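First the structure, in the form of structure tokens, and then the observations on it.
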Amino acid sequence: MKITRISVFHKDFDLSHPYYLSGGRLKFERIDSTFVKIETDESVHGWGEACPWGVTYLPAHGKGIRAGLEEIAPGLIGKDPRQLDRINRLMDVTLPGHPYVKSAVDIACWDILGKVTNMPVCDLLGGREPAPVPIASSISTGTPEEMLDNIQSYRDKGYRVHSAKVGADVDLDISRIRHMSTHQLDGEKIFYDVNRAWLPREAIAVMNAVDVTNSWFEQPCETLDEIAMVRARTTQPICVDEGLHTFTDLTRIHRDQIAELVNIKINRVGGLTKARRLRDYCLGAGISMLIMDTGGSVLADTSTAHFAQSIPAVSCLGTWSCQEMLTVDPAPEQGARNIDGCFTAPDQPGIGVEPDIKILGDAVAIYE
Ligand code: MG
């Protein structure tokens, strides 16, 4: 089997509400997503999506994906998309680094592999675990009362895992966390997601001032060095998110005991193949995981749901549904959908999502 054509689509998605991260430091109203369709000489094709959640969230951006594909895609023509590791090595030789550029290609190849083997991707990744994957809410930064109200609205939809966005103002953050923690329900998990906003001294001050259970502090500071400094001065559990890009980052997190939990974002780490290496290391090392993408439509969510459902529930604490924040759905009634606050990966071969070309519009680039 050979790749014969790679088509690239660009779609901007408006968010249904403005969204604030990092104590309000980062505001988002629209996200830039790239869809990749890979066709083969055996009339099987696959789809992947890459959406780095705007330009301020990570060292990644939508235009960068499309520019990177210009470098990578021509060399993939004629290659066998089922050979995932070889495809990834070729991409890494052609364009070192830039993992976020490569994830849509990798996901589209997994989609093809699933279709030709007649297996859903979660089974190809090791086997579907029986439990649906809990979806974490996404609680925009606000006053303590606004944030608790927002949590309540997610509870009404079945959510039992929450990602509450804090950061920036130490006193207000202590009030926010105390308020949400005081009203936390039995069995509920809360991630206080700082999105890098605190300096180490601020992280140490907040984390040592609050008494929380079934809760984690996610990416409290910008760098792994800073989080390691915090780790040494608090007993609160820590999750690393934006600080995990490469396998070497993960081995350092483990070696230096920086965190007991990591958030593996498929686009940030370069696709499902590279995420699989991180997953297996985490399982071997006893590190728990959140499995998310950096953003995107039902296609990105569903790729992530397949990956999350290949992990035993005790090690995978949750995922995320970005699709619910968007005003447009490019694949109505397909893929993983929120049922009582959980995702179940589809049973169809591959990823199980075929975007509507009429919604995506014309391809912005075609390589053949
Ligand atoms: Mg996070």
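The values are calculated or read from the model by the stated rules, or taken from the named source; none is laboratory data. Please read all numbers here as calculations on a predicted model, not as lab measurements. Positions of Cβ are generated from backbone atoms using ideal geometry, with glycine treated the same way; all protein chains shown enter the neighbour counts. Surface accessibility is based on the protein's heavy atoms, side chains included, excluding ligands, DNA and RNA. Shrake-Rupley method; radii C 1.70, N 1.55, O 1.52, S 1.80 Å.
Couple of notes before you dig in:
- 13 Å cut-off, amide nitrogen to a point 7 angstrom out along A313 Cα→Cβ, residues in the range 109-145: 129-135
- With every protein chain in place, the chain: carbon and sulfur % of accessible area (1.4 Å): 50 percent
- For the chain, the number of Lys pairs separated by eight or more positions or lying on different chains, with C-alpha atoms closer than 16 Å, is 18.
- Note on R233 and Y281: with the Förster distance fixed at 25 Å, the Cβ-Cβ geometry gives a FRET efficiency of about 0.40.
- For the chain, the share of DSSP beta bridges that are antiparallel, to the nearest 5, is 50%.
- With a Förster radius of 56 Å applied to the beta-carbon distance between L185 and A365, the computed FRET efficiency rounds to 0.70.
- Accessible area of the range 123-343 divided out per residue, in Å², using a probe of 1.4 angstrom: 36 Å²
- The amide H of S163, built 1.01 Å from its N in the peptide plane, has S137, S138, I139, F191 as neighbours under 5 Å, considering only residues 5 or more places off or on other chains.
- Computed from phi, the 3J(HN,Hα) profile of the range 149-162 under the Karplus parametrisation 6.51, -1.76, 1.60 (θ = phi - 60°) reads 4, 5, 4, 4, 5, 6, 4, 4, 9, x, 5, 10, 10, 10 Hz, with x in place of Gly and Pro.
- Shape call, the chain: gyration tensor on alpha carbons, a/c limit 1.5: prolate
- Förster radius 22 Å - calculated FRET efficiency between D149 and L199, Cβ distance, rounded to 0.05: 0.15
- Each label point was placed 7 Å from the Cα along the Cα-to-Cβ direction; for D356 and L172 their separation is 4.0 nm.
- Think of it as helices only: each DSSP H run of n ≥ 4 in the chain is worth -39500 (n - 2.57), and spread over all residues that comes to -11000 deg cm²/dmol at 222 nm.
- Span from the the range 6-51 Cα centroid across to the the range 182-251 one, whole angstrom: 28 Å
- 5 angstrom amide H check on A336, placed H, neighbours 5+ away: T302
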